[in-house]
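No value in this document is a laboratory result; all are computed from the given coordinates. None of the values given here were measured: they were computed from a predicted structure. Neighbour counts run over all protein chains shown; Cβ positions are idealised from the backbone, glycine included.
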Amino acid sequence: MSEFESAFDEDLINDLMGSSDAEFELRVVSITDKHAKDLVQEFATTYPSVKVLSAQYTDDPRVILDGADVVLIECRVLEGFNDLKLINQIRSARPLIPIIALSPNMDSEFIMAAYENGVVDYLNVDIPSELLLAKIRTVYRLSEAARFLETKNQEVVDTMRSLRSSKEKLKNEINSRINAETQKEFAEELASINQQNKEILDNLREAFFIVQSDLRIGESTSASCRSLFGCDIGCRELGQALNLAENKEDYIRLTMEQLFENFMPLEVTMGLFPTRVSTQDGKILDLKYTLVSDKDQTPKKVIVVATDMTEGVRREKQFVKKMKLVNCLFSILQNHSAFEDFLYDFKRDLATMRESMHRETVLRILHTIKGNAGVYHMDFMSRRIHSIETLITKSEMDDPQFFAYIQTVVYDIEKRMERFIDKHHAILGMSYRAPKRDQYIVTGRQIKNLTQIASDIEKLGKTALLDEISALRYRPLSILSSSLVQVAKRTAKKLNKKVHVGIEGGEFRGDLEMLSPLFRNLVHIINNACDHGIEATEDRASSQKPPVGHINISFKPHDHGLGISIEDDGQGMSRDRLIEVARHKKLMTDAELNKLSDEQAFHLIFLDGFSTSATVSDTSGRGVGMSAVKAEIERLGGEIHIHSVEGKGTRFSLFIPKVTVLDESGEAAA
């Protein structure tokens, strides 16, 4: 009989088989509440061979299991899930110990959860004490076999350990001889690894460094750090090491502090780190951050990779600059005739500015030139005039200083325009100093009339000939209105709005030389419609309007003159808001404001300095544009009326008298 077989004596076999004659003492740890307490007390009194030890729900599982053979626990009704957690902790501490649950809660889902957490049997608290004893004895016997095998396995393990110990003693002598050599080889290998790591770091194009939780930069950094930051940043404190501009390093330090304090979601804090920064010596760096956390998701360090983007950004800016130039030239070529008119008016406006002694006139001209330069994507001109307007607004120049400054402004913007036109002379086919080339569109009817007059010159006389030639100067109004469409598209794009412009009556012809200054000022109405009238897409949706705003421009003959209508379907104007702004800016007295009708209140927008914008932008806020519109209409002897309904839109109706309007055939339109 083998050593293992001899261990199975008769009593143990009988006990494992469940013999009723076997007597043994069980140590049962009882964790009970009010429902099972009496049952356990009765059980302990009835069966003195079973030693019942009391424990508390709050006891450490290691204390509960000390010397225990079986655990008896009552799963309470109101605190059942806490009890399941305790069962799980006991099972984790002693995987083989039997756990019996007593409970008045016989809900099937809860019973299933109890089994999943480690109980081997789940009993109702009403169970008789003798049946409880049988359950305890049964689960104990079933677990005893596993514990017996575990014990024998341990004996085998101990024997193997003894043999291994003997072998280790033999090896120790050998190991002691080669230990020094091994350590030497290990040191050499470690040095080689460190050298390889250093070579890798030194050959990285990117600057690589680690920010530790104490906000110091780690010792290991790549060689590129020195070239990017101008010094060895290893072991230095974050805050001054990186030589960043615009206090960015202080900002990174504060954000790192917030990250390591871990009081906000990590993804939120990581999103606060700047990704594009500049150094004090002009480099542009791209920063990428990788967070290293421990198993508890506590931040430990941040790996930072910095890449020099200076050259790439420079090329990107050059590309954007070239594309803007291409857009500008393309826009001019698309509207070549209209641009020649703009250039002619530009020169005439500069001459007016040189001679004018009225601030309002000068400011209106500047604002109008800026708006029309934007039509042709001439950003270099728009930006320059915008900065001039800002300087004029912020400074307190007296009249002599102001008009002296305007002379330098006129010279500056004229030279800028002249350099641009002449630099691109080959593409644009024009020169700044060259006289304006008048181009006319002649209809078949006009050619026929001229032919008839030429053949009958003596009969018809030169008056008819001069009238017909004069009519040749009339061109379609669509040539001028095309710039208004471009203004709307450009402004809407800047404001991230969707706007469609419709033109009606563009086929009618007029004297463009006379009307050109008016149309150049109409850009202010279009800008206002896009900026203040047409709502943002989400606001239009909430007002049940289509996402695309509409601006309709129409031309038609009217009472021996020209009628122009500009209407939008935006939010309209608020009479009370306009009066409030005028009162705040002290443009009129309270008594004068209180007497205004609705249309008179709408006309407040034509006052110099009136603007509802809280801030100044390159499209609005100066309080100059609409006054320029009114001044030009008055110069032509015309009228302007405004009709506006809050939430519906605004319509500007203009009438210019004594303007001959021809139809498509060249006949005077009715």
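Going by a ≥ b ≥ c, the root eigenvalues of the Cα gyration tensor, does region 259-380 fall in the rounded group (a/c under 1.5), the prolate group (a/b larger than b/c) or the oblate group?
prolate
Sort all Cα-Cα distances of region 470-578 into consecutive 10 angstrom bins from zero, then give the percent of pairs in each bin up to the one containing the longest distance.
Percent of pairs per bin, in order: 14, 42, 28, 13, 2, 0.
If each residue of separation counts as 0.36 nm, what is the full-extension length gain between ASP59 and GLN258 once their alpha-carbon separation is subtracted?
Details: separation 199, 0.36 × 199 = 71.64 nm, distance 3.81 nm.
Answer, rounded to one decimal: 67.8 nm.
Using the beta-carbon distance between ARG419 and GLU360 and R0 = 25 Å, what value does 1/(1 + (r/R0)^6) give for FRET efficiency, to the nearest 0.05? List each step's numbers first, then the result.
On the way: r = 30 Å, r/R0 = 1.18.
Here the calculated transfer efficiency is 0.25.
Around LYS630, under 12 Å between beta carbons, what's the net of Lys plus Arg minus Asp minus Glu among the other residues? List each step's numbers first, then the result.
Working: positive: ARG364, ARG635; negative: GLU360, ASP608, GLU632, GLU634, GLU639.
So the surrounding residues net to -3.
For the pair ASP663/ASP214, report the inter-label distance in nm, with labels modelled 7 Å from Cα in the Cβ direction.
If labels sit at ASP663 and ASP214, their model points lie 9.2 nm apart.
Quick check on the exposure proxy: order SER653, SER543 from fewest to most C-beta atoms within 10 angstrom.
SER543, SER653
Which net charge results when you count Lys and Arg as +1 and Asp and Glu as -1 among the other residues whose beta-carbon is under 11 Å from that of ALA113? Mind dumping the intermediate values first?
On the way: positive: LYS85; negative: ASP83, ASP107, GLU109, GLU116.
Its environment carries a net charge of -3.
What residues from region 363-378 fall in the zone where the backbone N is under 19 Å from a label point 7 Å along the Cα-to-C-beta line of LEU333?
375-378
Report the net charge of residues surrounding MET353, where surrounding means a beta-carbon distance below 14 angstrom and charges are Lys +1, Arg +1, Asp -1, Glu -1.
Summing Lys and Arg as +1 and Asp and Glu as -1 gives -1.
Where a ≥ b ≥ c are the square roots of the eigenvalues of the C-alpha gyration tensor, would you call region 531-667 rounded, which needs a/c under 1.5, or, failing that, prolate if a/b is larger than b/c, or oblate?
Taking the square roots of the gyration eigenvalues as a ≥ b ≥ c, region 531-667 is oblate.
What's the extension gain from CYS231 to SER293 if we count 0.36 nm per residue and subtract their Cα-Cα distance?
19.5 nm
What's the exposure ranking of TYR122, TYR251, TYR474, TYR376, going from fewest to most Cβ atoms within 10 Å?
The most exposed by this proxy come first: TYR251, TYR122, TYR474, TYR376.
Of the cross-linked pairs LYS545/LYS630; LYS394/LYS586; LYS321/LYS347; LYS283/LYS494, which ones have a Cα-Cα span greater than 20 Å in the structure shown?
Values: LYS545/LYS630 31 Å; LYS394/LYS586 18 Å; LYS321/LYS347 26 Å; LYS283/LYS494 30 Å.
Going by Cα-Cα distance, LYS545/LYS630; LYS321/LYS347; LYS283/LYS494 fall outside the 20 Å limit.
Among VAL645, VAL211, VAL624, which comes first, second and so on when ranked by fewest other beta-carbon atoms within 10 Å?
VAL645, VAL211, VAL624
Gain in length, ASN82 to LYS586, computed as 0.36 nm per residue apart minus the alpha-carbon separation, to one decimal in nm?
Answer, rounded to one decimal: 174.2 nm.
Extent of region 207-308 along each principal axis, from alpha carbon coordinates, in Å, largest to smallest?
Largest to smallest, the principal-axis extents are 39, 25, 19 Å.
Taking R0 as 30 Å, what FRET efficiency do you get between TYR411 and VAL320 from their Cβ-Cβ distance, rounded to the nearest 0.05?
0.55
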